[in-house]
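A.B. asks: The structure that follows is given in the form of structure tokens.
The values are calculated or read from the model by the stated rules, or taken from the named source; none is laboratory data. As the structure is a computational prediction, the values presented were derived from the model and not from experiment. All Cβ positions, glycine included, derive from the backbone under ideal geometry; neighbour counts span all protein chains shown. Heads up: the accessible areas ignore ligands, DNA and RNA and are worked out on the full protein's heavy atoms, side chains in. Shrake-Rupley method; radii C 1.70, N 1.55, O 1.52, S 1.80 Å.
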Amino acid sequence: MRFKVSILDLVFATHNQNKLEEVRAILPKTITLRSLDDIGCHEEIPETGETLAENAKIKADYVTQTYGLDCFSDDTGLLIDALNGAPGVYSARYAGNQKNAQDNMAKVLSELENVDERTARFKTVIHLNIKGQSYLFEGTVEGLITKVQEGLGGFGYDPIFKPFGFDKTFGELPASVKNSISHRGKAIHELAEFLKKETI
């Protein structure tokens, strides 16, 4: 018996190629995933929300309303307990609007220089617009902020975040391991399970 499998065409509202490839590795192969650059959207969509969920919704809604395409967007924050949840929603631009990862990590390490309490968590929220409906998916991972950068892999704050249960940072762990335990990995796996039902 033959089953007809439909192909979904989805936009991931990002210009970040690292994130795009990370997500492509997790989503079903029946999904054609395109970035903002792929659809000719080269502007930065303003993230004016006060929460991760609001920012994810703003970006996904912009693409759906402007281009008429099914889309999902994520917003991720690093929440550090000793900094009262900062950088949080401002994680990407914590050290300035240039959104430089090295500057952001340097600022965090400077603020925690004499702090022993270094617990933190990454949180990702995904907002999906598909077939006229909207859905939300979340993922978190708990860990510690290291005292120095460790590893050259990953992106963002990965070299200074060590997940509980591991002796290596996200910057040192293989991508396959990181994707299986990370905040974005968990949220994307939830999204993937949902999308599998949409492609059968």
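A.B. asks: Give the residue, chosen from LEU27, LEU78, that is open to solvent by less than 60 Å² (accessible area, probe 1.4 Å), closer than 28 Å to GLU142 by Cβ and at pLDDT 95 or above.
C.D. replies: The conditions single out LEU78.
A.B. asks: If a residue counts only when it is modelled with pLDDT of 90 or more and either surrounded by fewer than 20 Cβ atoms within 10 Å (Cβ to Cβ) or out of contact with any strand residue (DSSP E or B) (no Cβ under 9 Å at 6 or more places or on another chain) (or both), which strands (runs of 3 or more DSSP E) contained entirely in the range 87-197 have at least 2 such residues?
C.D. replies: Answer list for the range 87-197: 119-130, 133-145.
A.B. asks: What pairs come up if the first residue lies in the range 94-119 and is on the phi < 0 side of the Ramachandran plot and among the acidic types (Asp, Glu), the second is buried (at least 16 other Cβ atoms within 10 Å of the Cβ) and assigned to a loop (DSSP other than H, G, I, E, B), and their beta carbons are under 9 Å apart, counting only those six or more places apart or on different chains?
C.D. replies: Within 9 Å, the pairs are ASP103/TYR94; ASP103/ALA95; GLU111/ALA86.
A.B. asks: Considering only residues of the range 133-176 that are in contact with a Pro (Cβ under 6 Å, 6 or more places away or on another chain) and polar (S, T, N, Q), which is farthest from GLY68 (Cα to Cα)?
C.D. replies: In this case the residue turns out to be GLN149.
A.B. asks: Let me ask something additional. Can ASP70 be described as within 30 Å of VAL115 (Cβ to Cβ) and at pLDDT 90 or above?
C.D. replies: Here the answer is no, as ASP70 does not meet what is asked.
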